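Report on the structure given below.
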Amino acid sequence: MIVTNYLVIGSGIAGLTFAVKIAEKFPERKVVIVTKDSEDESNTKYAQGGVAVVSDQDQDSFKKHIKDTLRAGDGLCNEEVVKMVVKEGPERLEELLLWGANFDKDSSGAFSLGKEGGHSEYRIIHHKDVTGFEIERALLKRVHQLENIEILPYHFAIDLITDHHITDENVKPETCYGAYVLNQKTGYVFRIKADSTLLATGGVGKVYGHTTNPAIATGDGIAMAYRAKARIKDMEFVQFHPTALYDVEAGSSFLISEAVRGFGAYLRNIKGHRFMPDYDERAELASRDIVSQSIDSELKKSGEPHVYLDCTHLSLKDFKVHFPNIYKECFNRHIDIEKDWIPVVPASHYLCGGIKVNKKGKTTIKNLFACGECSRTGLHGANRLASNSLLEALVYAHNIYKYHCKNDLPEIKFDIPKWNDDGTVITEEHILIQHNLRELQALMRDYVGIVRNNRRLKKAIKRLDVIYQEVEDLYRESKVTTALCELRNMVNVAHLIIQQSLDRKENRGGYFNSDNIEVVVG
Ligand code: FAD
Ligand code: SIN
C-alpha cells in the first residue's frame, strides 16, 4: 500500500498543473500521480489550436470572450463560472510561461494569436500546431524537478476507495479514501490511501470508434466516480469536431485544427460547393456544433463519407509556418494541400459534461475532486467554445489548489482493505473483450451520433444492457486487466450518454434529437 497526502489520477494538463502547484506549496507533503500509459500520453499532448486567453486588452476584452463562450454554450453555461474562468486566464497563462512553456510571438514580441470557430477575436495562444505537446513537455519537466512528487506511469486506477469498502466506525458516508491501482507491468493490484484524491482522467472519445482522441480516452474517471455514486451531469453533450481527417482505416483520426479554418480554409461538399455560408452567417467560423451538424446534413444529402477542407487558396509558405505538423501529416498521406482538398469528417472529440464539480473543483463525494475534461464545471454548457478546455483545466487546477491551501487535510486513522479478487481467474477472453468493444463503438456511432432520435436511443439502451451483462460477468470472474476495466468503464459512460440524451427534451448546442423538433401544424 502507498500512503500519500494527494493522489492525482491522470497526467494531462489538469493533473500535472495541480500536482506542480500543490507540491511547490507544501514541500513536506507527498503527491503521487498515477497514469495508465507513458507519463505524457493524454489528450493534452495532441491539443493543436491552443489556449483561449484574452492577452491583448486593446483589441480584445473579457466581455467579448465571455459573450462568445455563452453564445457557444447555447444558454446552458453557468455565467458566473464563465466570467471567473475567462478573467483568470491571463494569470494562469503567466504561470505556464514561468514553468517554461513557449508560445509563438510575432515580430513585435506580442503573442501571435489564432482564431477558431465561435471566437469574435484573434485570441488563441499557441505553439505552432502542437500546443498541447509543448504544455505537456513544460509541465512534466517541472514535475521531475519536484522531489515530493512521485509519478507512476503504466499504473491503472481501477476504482475509488470509498466508505462502501470499509467497515470502521470512523468512516464517513460518501467519502473517498484513495484508489485501487493496477500495476500494468506486474498485474498486481494495490491500495493507494490518500487524504485527497483528484480525478484528472480526461475524455471519453474512444466510446465512439471514430475519434480525434488517443486510446487512453476511455472515460475511466467518470465511470469510477459514477460507480462511487458521485453526480454525473450533461453527458449528452458530446462534442464532435467538424474536421477530422477522413481515413477509413484509422481508429484515432488525425485532427485538422479549427485554426486552419481560422486561417481562411473553406469547407466544400463533394460537388465543390462552399456550403457553410448556407447554414450560418459566420460560415466556416460558426461554433463547432453548427459546423458539425451542417456537415452531417451535407453527408446525408450526398450519401458520401466525407466533405473537403480547401486550403488551396492559402499561402503555402505561411501555412507551413503555422501548421507544420498538419502539413507533414497530410503530406505523409499523399495529400498536397497546395493542390488537393483535404477529405474531412466529424469525429467525437470532447465531452462537455462529466463529474459535477463546484467552483472549487469539489465533487459530490468528500475528499474527491475532479478537474479537466472528466469534470463538468458549467463552463461549456451545451457546447464548448474552441480552446476553452485547456484554459478550464488551468483555472480549476488552481481553484482546487487554493481550496487545499485554505483547508486542512483530513486524517484517515483506519485501515483500508486489500483488493479482493478471491474466486477470480486469469481469463484469456481477448476475443470477448474485442467483440464487445467493437459492438459498443458501432452502437454509439450508429445510434448515438451527431443527430439522434428516441427510437435509436431506446434501441441503444437495450443493446447496451446485453453488453453490460456480458462485461460485468466477465469482470466478476476474471483477474483484472486494463482492457477489461476500460471496456467496463466505456459501457458505464455509454449508458450515461444515452440515458441523459433520453432525459433531455429540447435541442441545445451539441445535442440534436430529431424528435425534439416541434411540429408546427397549419
Ligand atoms: P488528458 O490530457 O486527457 O489526461 C488524462 C490523463 O489521465 C492521461 O494521462 C491518462 O493516461 C490518464 N488516465 C485516464 N484514465 C486513467 C486511469 N484509469 N488510471 C490512470 N490514469 C488514467 N483543447 C483546447 O483547449 N485547445 C486545443 O487546441 C485542443 N486541441 C485538441 C486536439 C485534440 C486532437 C484533442 C484530442 C483534444 C483537443 N483539445 C483542445 C481538448 C483538450 O486537449 C483536452 O480536453 C484536455 O487536454 C484534457 O486535459 P485533461 O488533463 O483533463 O485530460
Ligand atoms: C482544434 O485545434 O481544432 C481543437 C481545438 C479545441 O478542441 O479546442
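Side notes on the structure shown:
- Evaluated at q = 0.12, 0.16 Å⁻¹, the base-10 log of the normalised Debye intensity for region 1-101, with identical point scatterers placed on the Cα atoms, takes the values -0.56, -0.90.
- 20 °C / 1.002 mPa s Stokes-Einstein diffusion coefficient of region 223-280, Kirkwood radius on C-alpha pairs, µm²/s: 143 µm²/s
- The chain: relative contact order as a whole-number percent, Cα under 8 Å and 6+ apart: 21 percent
- Cross-link partners of Lys233 among aspartates and glutamates, defined as those whose alpha carbon lies under 13 angstrom from its own and excluding same-chain residues fewer than eight positions apart: Glu373, Asp503.
- Fraction of antiparallel bridges per DSSP, the chain only, in percent to nearest 5: 55 percent
- When the P(r) of region 73-194 is calculated, the portion above 25 Å amounts to 55% of the C-alpha pairs.
- Region 366-492, relative contact order [Cα under 8 Å, separation at least 6], %: 24 percent
- Mean shadow area of region 190-325, taken as a quarter of the surface of its Cα convex hull (nm²): 12.0 nm²
- The ratio of the alpha-carbon radius of gyration of the chain to the globular-protein estimate 2.2 N^0.38 Å is 0.95.
- Region 139-205: projected area of the alpha-carbon convex hull, averaged over directions, in nm²: 6.6 nm²
- Residues listed by number, region 1-34, amide nitrogen under 12 Å from Thr186 label point at 7 Å toward C-beta: 1-2
- Relative contact order of region 263-391, defined on C-alpha pairs under 8 angstrom at six or more residues apart (%): 21 percent
- Alpha carbon centroid spacing (whole Å) that separates region 102-167 from region 1-57: 7 Å
- Listed peptides 46-57, 235-246 appear in the order 235-246, 46-57 once ranked by packing, highest mean of other Cβ atoms within 10 Å at the front.
- √(5λ) per eigenvalue of the Cα gyration tensor, region 103-261, largest first, Å: 36, 21, 17
- For Phe331, the accessible surface of its heavy atoms amounts to roughly 120 Å² (probe 1.4 Å, protein chains only, rounded to the nearest 10).
- Legend: residue pairs Lys30/Lys413; Lys25/Lys87; Lys301/Lys459; Lys45/Lys413; Lys64/Lys141; Lys193/Lys402, Cα-Cα distance threshold 27 Å; pairs beyond threshold, Lys45/Lys413; Lys64/Lys141.
- Protection proxy ranking of 85-96, 189-200, 400-411 - average other beta-carbon atoms within 10 Å, highest first: 189-200, 85-96, 400-411
- Cα-centre dipole for region 134-284 with unit charges at Cβ (Lys and Arg positive, Asp and Glu negative), debye to 20: 240 debye
- Restricted to Cα atoms, region 252-363 shows a radius of gyration and a Dmax of 16.1, 51 angstrom.
The values are calculated or read from the model by the stated rules, or taken from the named source; none is laboratory data. Treat the numbers as computed from the prediction; the structure is a model and nothing was measured. Note: ideal-geometry Cβ built from the backbone for every residue, glycine included; neighbour counts use all protein chains shown. For the accessible areas, the whole protein counts, side chains as well, though only heavy atoms, and no ligand, DNA or RNA atoms are used. Shrake-Rupley method; radii C 1.70, N 1.55, O 1.52, S 1.80 Å.
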